[in-house]
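So the structure is just underneath, and the comments pick up after that.
We did not get these values from a lab; they are worked out from the coordinates using the rules stated. Everything numeric here is computed off the predicted structure, so don't read it as measured data. Glycine gets a Cβ as well: all are built from the backbone with ideal geometry, and neighbour counts include every protein chain shown.
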Amino acid sequence: MSIFVLTVALFISKVFLTLAVATAAYRILRGPRAQDRVLGMDTLYVNAMLLLLVFGIGSGTTLYFEVALVIGLLGFVATLTLAKFLLRGEVIE
């Protein structure tokens with residue numbers, strides 16, 4: 001019974017996270033301002049990282065967890081860099 005519940009929960013999670021990735025991609029493409037696009041990118045990498053974690057739970061492979069960690073680190077640095085660029089107009093001072 002618990003395998004069935006886990007399978008259903010993972011499927012529902014994949015569906016909702018895919019919808020979240022689609023709405024974040026829509027915000028990146030249609031965002032009226034650059035700040036909206038940066039926020040959409042931030043949401044996109046977090047949702048992609050969570051989707052990889054759900055795939056890792058379903059498959060039982062640790063590779064997905066390591067890739068999600070790398071995506072999280074690179075996404076955080078990219079968000080900080082873009083926020084600094086939008087705030088000051090330059091990245092390197």
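For segment 29-93, the relative contact order works out to 32 percent when only alpha carbon pairs closer than 8 Å and six or more residues apart are counted. Working note: Karplus 6.51/-1.76/1.60 with θ = phi - 60° gives segment 13-26 the couplings 4, 5, 5, 5, 5, 5, 5, 5, 5, 5, 5, 5, 5, 4 Hz, where Gly and Pro are set to x.
Principal axis extents of the Cα atoms in segment 2-88, from largest to smallest and rounded to whole angstrom, are 52, 25, 14.
With a Förster radius of 30 Å applied to the beta-carbon distance between LYS84 and LEU6, the computed FRET efficiency rounds to 0.10.
What dipole magnitude, in Debye to the nearest 20, does the chain give about its Cα centre under +1 on Lys/Arg Cβ and -1 on Asp/Glu Cβ?
Roughly 280 debye, rounded to the nearest 20.
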